[in-house]
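Novice: Take this structure, written in C-alpha cells, and hold onto it; I'll ask about it next.
The values are calculated or read from the model by the stated rules, or taken from the named source; none is laboratory data. Just so it is clear, the model here is predicted, and its values are computed rather than measured. In this analysis, Cβ positions are derived from the backbone assuming ideal geometry, glycine residues included, and neighbour counts consider all displayed protein chains.
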Amino acid sequence: MRLSKMHIKTLREVPNEAEIPSHILLLRTGMIRKLVSGVYGFMPLGWRSVRKIEDIVRQEMDATGAQEIHMSAVQPAELWEESGRWYAYGPELWRLKDRNGRDFCLGPTHEEIFTDIVRNDISSYRQLPMNLYQIQTKYRDEARPRFGLMRSREFIMKDAYSFDKDNAGLDQSYQEMYEAYDRIFKRCGLACRPVEADSGAIGGSNSHEFTAISEVGESEIAYCEKCSMAATTERAECVDAAPQTDVCELAMEEVHTPGTKTIEEVAGFLNLDKKQTIKALLFVTYDEEGNENGYVAAFVRGDRELNMTKLINALDIPEHAIEFADEEKMAAATGCVGGFTGPCGLHDCTIVVDSELPGLKNMCAGACKEDHHLINVNYGRDYKGDIITDLKVLQEGDPCPICGAPVKHARGIEVGQVFKLGTKYSESMGAMYVDENQKEQPIVMGCYGIGVTRTLAAVVEQHHDDNGIIWPMSVAPYHVIITLVKPDDEAQATVAEKIYQSLADARVEVLLDDRKERPGVKFKDADLLGIPVRITVGKLAGEGKVEYKLRRDADKEEITIEEAISRAIEIVANEK
C-alpha cells in the first residue's frame, strides 16, 4: 500500500482527552477515531490490527474444535428475565424498546442467547460436548468511559460457550480454553498472567482472569513468588489474624473520645495500635424497583480495607444494589452515629463481621454515641454478626493464604476471562439433555471471553516508547515500511519500487511512504506508526544500498538492496 493513497492522519500533539499511552498513541496514529465518549471507530491501520487479533483468536479457537457462529447484538428481555439477569446486570445493561413497547437490550455478553440455542438444538448426551463462539460487537453503558479502548461503551469481544454433560467434561473444556488463551496472548505479543478472579455478574463457581501486566491497568492482582498463588485483589482470600485464645476478656467501658471520627484519630487519642480497633462502614441496599431495601453495617479490623466484592457476594446482591448510606437517615433507623459507629447497640440493619474479628479480644469500637467509643469489646459477649465472612482486601505484604510468604501486588489489564458456569443458566432456562440412562440432566456450561479491542490497547501499552508504537510482527498493521526520502529522485524511486514489489511478491505486507513530505516528517511518522521493519531509500540508492532498521532496536545498518529484501522476508516469516 502506498501512503500517498492511504486515508491516514497522524497528530503531532497529544489529544486533551487521552491520559494513558495506548489512548494517546492510537489517536495520534489515526488508528482510532472518537465518535462520542466511550465509542470509537477504527481507521484503516487500526482495523488491520484488530482483524489480525481476530484471526489469531479464530485460529486457536478452531484448533480446539470450537465452532464459530454470529448472533445478533439485540437481545429480547424475556431471555434475560429467565436467567434472572435483567435486574442483576444493573444500569450497565443498555436497554431499549421497539415501537411496540417490547423490551430489548444491546448484548454485553451472550450467555442467554447461546443457552437458548442449545436448549432448542441439543437433546441427547451423544451431541455433547460442544463449544460455540463468536466475535462480535458488545455494549455496556459505562458510567465513566475512560482510557480509550480500555473501558468503552462499545467494544469487540470473542465470547465462547462450552456445553458438557458433567463437571468432568467442563473441567476438560475449561482447561482447553485456558491453554488456548495462553497461546493467543503469547502470539499477540502480550506478557499475560492468569489469576483467580471473581465471577461477577456472569456467575459460576470458578474463574480465571488473563491479565496483561501494565501500570495503567484497572485490575490489581496479588501474587506470591514462593508458590503458585495469584488472584485479583477482589478474589484473593486473606489469612485471619491468629485467635487470641490466651487473652482474658476485660469489662467493656465507654470512653470519651471528642472529635475522633477516623481510625487514625481514635487510635492516637487512646494510644492504641490500629489493629486493636474495629472499623465500621455503612451502606444502604436497594430492591429491583430501586427502592431502599435495608441497611448494612460492615466491620473489619481498623488497619484493614473492606473488599466490596466480598461484601456484595456475602449479601448475594448485584453490585449496583448497594451504596454508602446517608448517615443521618441511617442513624434514625438503626442507631448508628457517623464516625462513632460500632457493632454494639445497632438495630434494624444487617451486621456483617469480618471473619477474624470473633477471634480478637478487647477491641475498641464506636459507641454509637457522639464523641464516645467503647474499649474491651468482645465478639459473642458484646455483639454478634448476622453474617461472618472474609471481608478483607489482601494487601501487599500480607501473608499468602497458601504458603504464608509476603504477597506482592501488580497492576494489569484484563484481556480475557474464563468461567465455570456449571448449571446456572441451563437450570434457570431449561437447557436439558437425556443421559445414557434416559434421565434428563441439566447441561453443564462454561463461558470464555476475550476483549479483542482491549487486547489491541494492551499490546500498545506493553509495546511503545517515547516516539510511538512498537508493534509485534503478529499484530502489526503492516510488516515493513519503505521510507522514500526523495520521491522525485529517479534512482531512489526505482529502488523503492523494486523493494516494494519484491516484498509484495513474497507476501510481505508492505507500506511505501511515497508522500511528498519532508524526510523528518516521514521518519517521525514511521516511528509513531510502529511498523516493525523500516527500509530507508535515500542518497545511497545509486550505490545499491539502503538503510535497514528494526523499530524495536536503536541501531540501523547500511546494507545492499538484496540483503534488505531477504532479511525483511526472513524476519517476517519467523515472527508473524
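Novice: Is it the case that segment 2-20 has a residue that's among the β-branched types (Val, Ile, Thr), within 24 Å of Lys158 (Cβ to Cβ) and not in a loop (DSSP other than H, G, I, E, B)?
Specialist: No, there is no match, as no residue in segment 2-20 is among the β-branched types (Val, Ile, Thr), within 24 Å of Lys158 (Cβ to Cβ) and not in a loop (DSSP other than H, G, I, E, B).
Novice: List pairs: first in segment 233-260 and farther than 30 Å from Gly412 by Cβ, second among the acidic types (Asp, Glu), Cβ under 7 Å, 6+ apart or cross-chain?
Specialist: Short answer, once both residue conditions are applied: Met252/Asp382; His256/Asp371; Thr257/Asp371; Pro258/Asp371; Gly259/Asp371.
Novice: Something else: How many residues are in a loop (DSSP other than H, G, I, E, B), at pLDDT 95 or above and under 23 Å from the mean Cα position of the chain (by Cα) if we restrict to segment 21-37?
Specialist: Qualifying residue count for the region: 1.
Novice: Same structure again: Working only within segment 77-93, note down all residues that are in contact (Cβ under 8 Å) with a residue 24 or more places away in the chain and buried (at least 18 other Cβ atoms within 10 Å of the Cβ).
Specialist: Leu79, Trp80, Ser83, Arg85, Tyr89, Leu93
Novice: I've got another one for you. Taking Leu3 as the residue in question, decide whether it is within 28 Å of Arg144 (Cβ to Cβ), surrounded by 14 or more Cβ atoms within 10 Å (Cβ to Cβ) and either within 24 Å of the chain's Cα centre (by Cα) or not aromatic (Phe, Trp, Tyr) (or both).
Specialist: no
Novice: Report yes if Glu209 is out of contact with any helix residue (DSSP H, G or I) (no Cβ under 8 Å at 6 or more places or on another chain), of a type outside the set (Gly, Ala, Ser) and buried (at least 20 other Cβ atoms within 10 Å of the Cβ), otherwise no. Quick ask: steps written out before the conclusion?
Specialist: Working: out of contact with any helix residue (DSSP H, G or I) (no Cβ under 8 Å at 6 or more places or on another chain): yes; of a type outside the set (Gly, Ala, Ser): yes; buried (at least 20 other Cβ atoms within 10 Å of the Cβ): yes.
Judged against the criteria, Glu209 is a match.
Novice: Okay, moving on. What single numbered condition from (1) within 30 Å of Val36 (Cα to Cα); (2) not in a helix (DSSP H, G or I) fails to hold for Ile113?
Specialist: Tallying (1) within 30 Å of Val36 (Cα to Cα); (2) not in a helix (DSSP H, G or I), Ile113 fails exactly one: (2).
Novice: Shifting gears a bit: Just to confirm my filter: which strands (runs of 3 or more DSSP E) fall fully inside segment 170-264 and include at least 3 residues that are over 18 Å from Gln395 (Cα atoms)? Steps first, answer last, please.
Specialist: Working: elements: 192-196, 206-213, 219-223, 230-232, 253-256.
Counting at least 3 such residues, we get 192-196, 206-213, 253-256.
Novice: Given the condition acidic (Asp, Glu), touching a Cys at 6+ places or on another chain (Cβ under 9 Å) and under 24 Å from His463 (Cα atoms), answer yes or no: does some residue in segment 205-228 qualify?
Specialist: no
Novice: While we're on this one: Name the one entry in Ile413, Ile443, Ile387 that is buried (at least 24 other Cβ atoms within 10 Å of the Cβ) and either of a type outside the set (Val, Ile, Thr) or more than 30 Å from Lys186 (Cβ to Cβ) (or both).
Specialist: Ile443
Novice: If you don't mind, there's one more thing I want to ask. Working carefully through the options Lys439, Lys424, find the one that is in the same structural domain as Asp182 (by TED's automatic domain parsing) and modelled with pLDDT under 95.
Specialist: Matching residue, one of Lys439, Lys424: Lys424.
Novice: Then there is this: Kindly indicate whether any position in segment 505-520 is crowded, with 22+ Cβ neighbours inside 10 Å and either of a type in the set (S, T, N, Q) or closer than 30 Å to Thr137 by Cα (or both).
Specialist: yes
Novice: Search segment 49-76 for residues that are in a loop (DSSP other than H, G, I, E, B) and surrounded by 14 or more Cβ atoms within 10 Å (Cβ to Cβ) and pair each with any residue that is at pLDDT 95 or above and hydroxyl-bearing (Ser, Thr, Tyr) when their beta-carbon atoms are under 6 Å apart and the residues are at least 6 apart or on different chains.
Specialist: Here the result reads Ala66/Tyr133; Ala73/Thr137, each pair linking segment 49-76 to a residue that is at pLDDT 95 or above and hydroxyl-bearing (Ser, Thr, Tyr).
Novice: If you don't mind, there's one more thing I want to ask. Please verify whether Ile571 is touching a residue at least 40 places away in the same chain (Cβ under 8 Å), assigned to a loop (DSSP other than H, G, I, E, B) and over 12 Å from Ile499 (Cβ atoms), treating the condition exactly as stated. Let's see the steps before the verdict.
Specialist: Values: touching a residue at least 40 places away in the same chain (Cβ under 8 Å): yes; assigned to a loop (DSSP other than H, G, I, E, B): no; over 12 Å from Ile499 (Cβ atoms): yes.
In short, no.
Novice: May I ask you to list the residues in segment 515-559 that are assigned to a strand (DSSP E or B) and in contact (Cβ under 8 Å) with a residue 24 or more places away in the chain? Full working, then the answer.
Specialist: Going through segment 515-559, the residues assigned to a strand (DSSP E or B) turn out to be 533-537, 545-550, 556-559.
Across segment 515-559, the qualifying residues are Val533, Arg534, Ile535, Thr536, Val537, Val546.
Residue by residue, here is whether (1) crowded, with 19+ Cβ neighbours inside 10 Å; (2) within 28 Å of Arg140 (Cβ to Cβ) holds:
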{"residue": "Lys274", "(1), (2)": "no, no"}
{"residue": "Val284", "(1), (2)": "yes, yes"}
{"residue": "Gly290", "(1), (2)": "no, yes"}
{"residue": "Val296", "(1), (2)": "yes, yes"}
{"residue": "Ile322", "(1), (2)": "no, yes"}
{"residue": "Thr334", "(1), (2)": "yes, no"}
{"residue": "Gly359", "(1), (2)": "no, no"}
{"residue": "Asn362", "(1), (2)": "no, no"}
